[in-house]
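Written below as structure tokens is the structure these notes are about.
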Amino acid sequence: MVLIGLILPAIPLAQTPNDLPHLASHGTATQLIVDGRPFLVLGGELGNSSASSLDYMDPIWPKVAEMNLNTVLAPVYWDLIEPQKGCFDFTLVDGLVEQARSYNLRLVLLWFGSWKNSMSCYTPEWIKTNLEHYPRARLENGQAMEILSAFSKHNLDADKQAFAALMRHLEEIDSKTHTVIMIQVENEVGMLTDARDHSPAANDAFVQAVPKELIDYLTKHKDSLIPELREIWKKKKFKTSGTWQEIFGTGPAADEIFMAWHYGRYIDHIAAAGKAEYSLPMFVNAALIRPGYKPGQYPSAGPLPHLMHIWQAAAPSIDFLSPDIYFPNFAEWCRKYHQSGNPLFIPEAKQGPDAAAHVFYAIGQYDGMGFSPFSIESTEDPANEPLTKSYAVLKQLSPIILAHQGTGTMAGVLLDKENQKQEIKLGQYLLTVSHDYTWGWSGGNTEADIWPRVGGILISIAPDEYIIAGSGIIVTFAPDQPQKRAGIVWIQEGTYNKEGQWTPGRWLNGDQSHQGRHLRIPSGRYGIQKIKLYSYQ
Ligand code: DGJ
């Protein structure tokens, strides 16, 4: 049986293969272009300390390659590359790049510079021990913290020089090969335990007028501002001149906006200096907010959704803001980070079975550029990790997914016991996607049955044909004319080979589709099915 192969929309070769990794628009989506082609990051972030020893990394590479990763997110530690001021040692970076190349993997490097999870634990000794020259953020009572102050030119210059040296070095060793495809600047920046720095320089800045650049930006985007920010400004009648408190009120919200602007400006200078040496896409990541937490209880002023416009105004050299999603309301954070033109890239997510479902949703529903669970190397059984199986599916589908991103022909689903069903209008049909356990035969019948979180990706490839991939989902179909019903001509499972050709597997028109009533990918299985429909009355 030969099925007609999928005819892909042409993927424009936007650049010649030697061009640097960069971002480009594709319909409404933003894509990462690597070697002239769109690239979907099937990633994993290393635990914090693994990349500090090349020997320690040795057994990790085969493990992550077996998990079907195409990209590893790995830190570069400021204290290890610049142990003495101005003396750089890139041995670790070089080793990492060589190791990655030998496994045909790409790297996203994470600059652990001034800040890592709010703290300044990766700053070199010559910074840590010289508080006079490299000042710290302070609490309201004047106590210094182990957090560099964002209000010091010395701090900024030192970080900027180190980061620029790193990017210069990457240009020297990687500008032809493009093993390193993106850079995260700092890691989960944000002020603790107060909403803002109270050092003397910070206090001085706090009583100054809000910079004109920020006011201009807010004025220009006034009607489309993130609602939380708009509300705060609205309370001050959209005032366009005055101090931070005059424009944003008193209290933690104003403190946080002030701090976000200054973190953003600091990081923008660093990113701009790095890009001047070697222009790779650069982003920042955020620690998210636990319900009910206030700024300072959570890392205040990080690149969070309610501060998106402040960060976008303050840091034009940063290409996008990213969430580190460890909380169960995964879908909500994806939505919040896909506002205001911000492309979704998830550099950290909770490892485990849910990750295998989350990746389908982020990529299918929000045109995600990539996904990357944290501490990827910690698995004991790489071959049997659910994520390994999701990545196997996504690896095959990547060219098709990338061709469909931004065109309104693709959707993602994420289901669990609380959210058992989703309806999606895609192409000419309404697709109802249900959790596999809603079907009596599958499980979920007893109290003891723990409903796994499941996910899938749905792609409309012709008016009456779909590709449906994922795990633990059942899909039924209805045509868009109410008087008609949808019938299934055929369903077939299969795989895509390296050349993107469909290799047919089983024909599923019997029990596996409940005799043509639905499409089902049982929970525990990860696969790709194609379906052709017809309508009748
Ligand atoms: C988020 C941080 O960004 C990571 O570097 C790491 O510290 C994890 N948290 C640990 O859960």
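The values are calculated or read from the model by the stated rules, or taken from the named source; none is laboratory data. In this text the structure is predicted, and so the values were computed from the model without any measurement. Note: ideal-geometry Cβ built from the backbone for every residue, glycine included; neighbour counts use all protein chains shown. Surface areas here come from the heavy atoms of the whole protein model, side chains and all, with no ligands, DNA or RNA. Shrake-Rupley method; radii C 1.70, N 1.55, O 1.52, S 1.80 Å.
Worth a mention:
- Test result for SER241, closer than 30 Å to ALA164 by Cβ, open to solvent by 20 Å² or more (accessible area, probe 1.4 Å) and not in a helix (DSSP H, G or I): no
- Residue count for the range 333-360 under the criterion of being basic (Lys, Arg) and surrounded by 21 or more Cβ atoms within 10 Å (Cβ to Cβ): the result is 0.
- Residue within the range 280-289 that is touching a helix residue (DSSP H, G or I) at 6+ places or on another chain (Cβ under 8 Å) and not hydrophobic (A, V, I, L, M, F, W, C) present: no
- Wholly within the range 47-89, helices (runs of 4 or more DSSP H) carrying at least 2 residues that are within 16 Å of the ligand (Cβ to nearest atom): 78-81
- Test: residue in the range 489-505 that is among the charged types (D, E, K, R), modelled with pLDDT of 95 or more, open to solvent by less than 60 Å² (accessible area, probe 1.4 Å) and under 35 Å from the mean Cα position of the chain (by Cα): yes
- Boolean, GLY364 is crowded, with 24+ Cβ neighbours inside 10 Å, away from the ligand (no atom under 16 Å from the Cβ) and under 20 Å from ARG525 (Cβ atoms): yes
- Candidates GLU465, GLU423 - the one that is surrounded by fewer than 15 Cβ atoms within 10 Å (Cβ to Cβ) and in contact with a strand residue (DSSP E or B) (Cβ under 9 Å, 6 or more places away or on another chain): GLU423
- Exclusive hit being closer than 21 Å to GLY368 by Cα, out of contact with any His (no Cβ under 8 Å at 6 or more places or on another chain) and within 16 Å of the ligand (Cβ to nearest atom), set ALA287, ALA331: ALA287
- Residue check for ASN445: modelled with pLDDT of 95 or more, part of a loop (DSSP other than H, G, I, E, B) and farther than 17 Å from LEU508 by Cα: no
- Residue selected from the range 51-109 under the condition surrounded by fewer than 20 Cβ atoms within 10 Å (Cβ to Cβ) and among the hydroxyl-bearing types (Ser, Thr, Tyr), by the criterion nearest to LYS176 (Cα to Cα): SER102
Yes or no, residue by residue, for (1) among the small types (Gly, Ala, Ser); (2) out of contact with any helix residue (DSSP H, G or I) (no Cβ under 7 Å at 6 or more places or on another chain):
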{"residue": "ALA254", "(1), (2)": "yes, no"}
{"residue": "TYR266", "(1), (2)": "no, no"}
{"residue": "ALA273", "(1), (2)": "yes, no"}
{"residue": "PRO299", "(1), (2)": "no, yes"}
{"residue": "PRO305", "(1), (2)": "no, no"}
{"residue": "PRO316", "(1), (2)": "no, no"}
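- Matching helices (runs of 4 or more DSSP H) fully within the range 247-347 where at least 3 residues are closer than 18 Å to MET191 by Cα and touching a residue at least 60 places away in the same chain (Cβ under 8 Å): 252-277, 308-314
- Going through (1) closer than 17 Å to ILE325 by Cβ; (2) surrounded by fewer than 22 Cβ atoms within 10 Å (Cβ to Cβ); (3) within 16 Å of the ligand (Cβ to nearest atom) one by one, PRO386 falls short only on (3).
- Total residues in the range 480-506, condition in a strand (DSSP E or B) and in contact with a Leu (Cβ under 9 Å, 6 or more places away or on another chain): 12
- Test for ILE325: is it touching a Gly at 6+ places or on another chain (Cβ under 9 Å) and either within 16 Å of the ligand (Cβ to nearest atom) or open to solvent by less than 10 Å² (accessible area, probe 1.4 Å) (or both): no
- When the range 27-46 is filtered for residues that are more than 16 Å from the ligand (Cβ to nearest atom), touching an Asp or Glu at 6+ places or on another chain (Cβ under 9 Å) and open to solvent by less than 40 Å² (accessible area, probe 1.4 Å), the ones remaining, listed by number, are ALA29, THR30, GLN31, ILE33, GLY36.
- Residue ID - surrounded by the most Cβ atoms within 10 Å (Cβ to Cβ), chosen from residues in the range 428-461 that are of a type in the set (Gly, Ala, Ser) and in contact with a Phe, Trp or Tyr (Cβ under 7 Å, 6 or more places away or on another chain): GLY455
- Test: residue in the range 290-298 that is open to solvent by 30 Å² or more (accessible area, probe 1.4 Å), at pLDDT 95 or above and under 18 Å from PRO211 (Cβ atoms): no
- Summed over the range 117-149, residues that are crowded, with 20+ Cβ neighbours inside 10 Å, farther than 19 Å from HIS269 by Cβ and within 16 Å of the ligand (Cβ to nearest atom) total 1.
- Of the residues in the range 191-198, at least one is within 16 Å of the ligand (Cβ to nearest atom) and part of a loop (DSSP other than H, G, I, E, B).
- SER114 vs. criteria within 16 Å of the ligand (Cβ to nearest atom) and over 30 Å from TYR526 (Cα atoms): yes
- Meets criteria (small (Gly, Ala, Ser), under 25 Å from the mean Cα position of the chain (by Cα) and on the phi > 0 side of the Ramachandran plot) for SER114: no
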